[in-house]
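The values are calculated or read from the model by the stated rules, or taken from the named source; none is laboratory data. The shown structure was predicted, so the numbers you read here are calculated from the model rather than taken from an experiment. Cβ atoms come from the backbone with ideal geometry, glycine included; neighbour counts cover every protein chain shown.
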Amino acid sequence: MANALVVILDSGLRGPGGHNLSYTCAVQGALRERGLAVEVLVNRGCPPELADAHAFRRIFTSGAYDHPLGHGRLRDLVYLHSQSLVFAEELDHAIRCVLGRPPDLLFSHTLADFEIVGWRRYLRRRSWRGWLALLMRQTPRYSTCGWLQRHLNPYWRLRPRSFAAMRHRLGPRFQLCTDSALLSRDYARVYDGSILTLPIPLTSDVRSGEQPGPPNIFRRYPPKDVPGPTIGYLGDARTPKGFPLLPRAVRRLQDAGLAARFLIQCPLPAGGADAETAKALDELRALSADSRSSVTLIPEHLGDADYAGLLDALDVVLLPYVHSNYLEATSGVFTEALAKGIPVVVPTATWMAHELAGSKAGTVFSREEPEAFPAALLRLLASLDQHKAAARGRRDAWQATHNPGALVGQLLTATCAPRQQPEAPRP
């Protein structure tokens, strides 16, 4: 591993929003702690001051969260084809002209389909002597489709054929990864190569103990002076994360006469919001403006310190992620809440419910019946002390599993770490 170069590729990283920045920085730091040379390739939309602060290289014009304009399969296929060509060219430029040589290990997380096709295009024409590890954090859900659909529909066969082609090209130096046992199981339906399930790299700010005094974020957004527990929702205001269900939960607690305060982080995406999310946000703004209300809105992305401080202030974390995106996929907010020992409310039939595994560290509601979400919150509050004790009991083991060092250790062991040679038999 001496003089090894490791590259992290995160084409969707354009700023502090979401978990891309904390994920990439956590892996970058853990690799550097091992004495490895690390380069990080991100999107050209990443602000120069942010890129300079973290030594990122701004390379890619498109990212994992970009989508074609309009609707229709033909339009999607044209977009996939064109963007994969651009990605392959930008990747080639980055490796030849920016890095100067292929890395010993390239780790790419949070990929879009055009990147997968772009990698396949790149490897057709360039030799690659290092390891390539691609981390898939979502799946088309191969468990839901039949044999004909899986083999004939271009969207269902795209990933399996691309992964098989890359493994054929690279042999054991191609490593497919996920961050959930459920995701690994689903990809194993269509890919017979090695699949590595990696931990989630919780940052040190989130893993640290509670800080004394109120968090700095409360100076900008003072919570309402309401007795009772503090209930939080973190992340972008998006329909896949169940944001439209929040007003109903607030009103249900008010109707039940329960005293509690809500802290809701709700930075809107740059493109605005869908009608359902916009309506819910208007309702929450009206509640927040009412002096008798228990709702405080935090309409901005937060840095790691503010984010961790806000987590410290919560007694309950709401994760009403009823969208199919979150059936096998992981959640950074869920992972952080369990690392802090905070009880959660999650839907059934998800990775989050699977990880709770019937423990008292949280409660569940039927994903098929979103209207049951407020009742689940009421059940948790009715025995909150018991749930908090159970969540704290899982905290240490959860932190020991999900941290940057554990991720990097498993990744290096599975890829470019020197293999232990068996001892020669003694004469």
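Among the listed residues 309, 358, which satisfies the condition of being crowded, with 20+ Cβ neighbours inside 10 Å, at pLDDT below 95 and out of contact with any Gly (no Cβ under 9 Å at 6 or more places or on another chain)?
Checking each option against the conditions leaves just 309.
Return the residues of the range 96-115 that are part of a helix (DSSP H, G or I) and buried (at least 22 other Cβ atoms within 10 Å of the Cβ); say none if nothing qualifies.
Answer for the range 96-115, where residues must be part of a helix (DSSP H, G or I) and buried (at least 22 other Cβ atoms within 10 Å of the Cβ): 114, 115.
Only one of (1) within 16 Å of the chain's Cα centre (by Cα); (2) closer than 26 Å to residue 227 by Cα is not met by residue 374, so which one is it?
It is condition (1) that residue 374 fails.
So, in the range 400-419, of the ones that are within 15 Å of residue 30 (Cα to Cα) and polar (S, T, N, Q), which residue ends up nearest to the chain's Cα centre (by Cα)?
Among residues in the range 400-419 that are within 15 Å of residue 30 (Cα to Cα) and polar (S, T, N, Q), the one nearest to the chain's Cα centre (by Cα) is 403.
Out of (1) surrounded by fewer than 19 Cβ atoms within 10 Å (Cβ to Cβ); (2) among the hydrophobic types (A, V, I, L, M, F, W, C); (3) in a loop (DSSP other than H, G, I, E, B), what's the single condition that is false for residue 190?
(1)
Name the strands (runs of 3 or more DSSP E) wholly inside the range 278-384 in which the number of residues that are farther than 17 Å from residue 262 by Cα is 3 or more.
362-365
Can you confirm whether residue 219 is under 20 Å from residue 302 (Cβ atoms), among the charged types (D, E, K, R) and in a helix (DSSP H, G or I)?
In short, yes.
Working only within the range 145-170, note down all residues that are over 24 Å from the mean Cα position of the chain (by Cα), at pLDDT 95 or above and not basic (Lys, Arg).
Scanning the range 145-170 gives 164, 165, 166, 168, 170.
Would you be able to tell me the number of residues in the range 28-38 that are of a type outside the set (A, V, I, L, M, F, W, C) and either closer than 13 Å to residue 3 by Cα or not assigned by TED's automatic domain parsing to the domain that holds residue 14 (or both)?
Residues flagged as of a type outside the set (A, V, I, L, M, F, W, C) and either closer than 13 Å to residue 3 by Cα or not assigned by TED's automatic domain parsing to the domain that holds residue 14 (or both) within the range 28-38 amount to 3.
Which pairs have Cβ atoms under 8 Å, sit 6 or more apart or on different chains, and link a residue in the range 251-270 that is of a type in the set (Phe, Trp, Tyr) to one that is at pLDDT 90 or above and assigned to a loop (DSSP other than H, G, I, E, B)?
Correct list of pairs: 262/294.
Find all pairs meeting these conditions: Cβ atoms under 9 angstrom apart; at least six residues apart or on different chains; first residue within the range 218-230 and surrounded by 10 or more Cβ atoms within 10 Å (Cβ to Cβ); second residue of a type in the set (S, T, N, Q) and not in a strand (DSSP E or B).
From residues that are surrounded by 10 or more Cβ atoms within 10 Å (Cβ to Cβ), the pairs are 223/294; 224/288; 224/291; 224/293; 224/294; 226/293; 226/294; 228/294.
Counting only residues that are part of a loop (DSSP other than H, G, I, E, B) and without any contact (Cβ under 8 Å) to a residue 12 or more places away in the chain, which one in the range 128-173 is nearest to residue 329 (Cα to Cα)?
Looking only at the range 128-173, we keep the residues that are part of a loop (DSSP other than H, G, I, E, B), and these are 128-130, 137-141, 145-146, 153.
Going one step further and asking which of them are without any contact (Cβ under 8 Å) to a residue 12 or more places away in the chain, we end up with 145-146, 153.
Details: 145: 18, 146: 21, 153: 22 Å.
Ranking the candidates gives 145 first.
From 335, 363, which residue is closer than 21 Å to residue 316 by Cα, touching a Leu at 6+ places or on another chain (Cβ under 7 Å) and at pLDDT 95 or above?
After ruling out the rest, the residue left standing is 363.
Could you tell me which numbered condition residue 48 fails, if it satisfies all but one of (1) more than 24 Å from residue 403 (Cβ to Cβ); (2) at pLDDT below 90; (3) surrounded by fewer than 20 Cβ atoms within 10 Å (Cβ to Cβ)?
The one condition residue 48 does not meet is (2).
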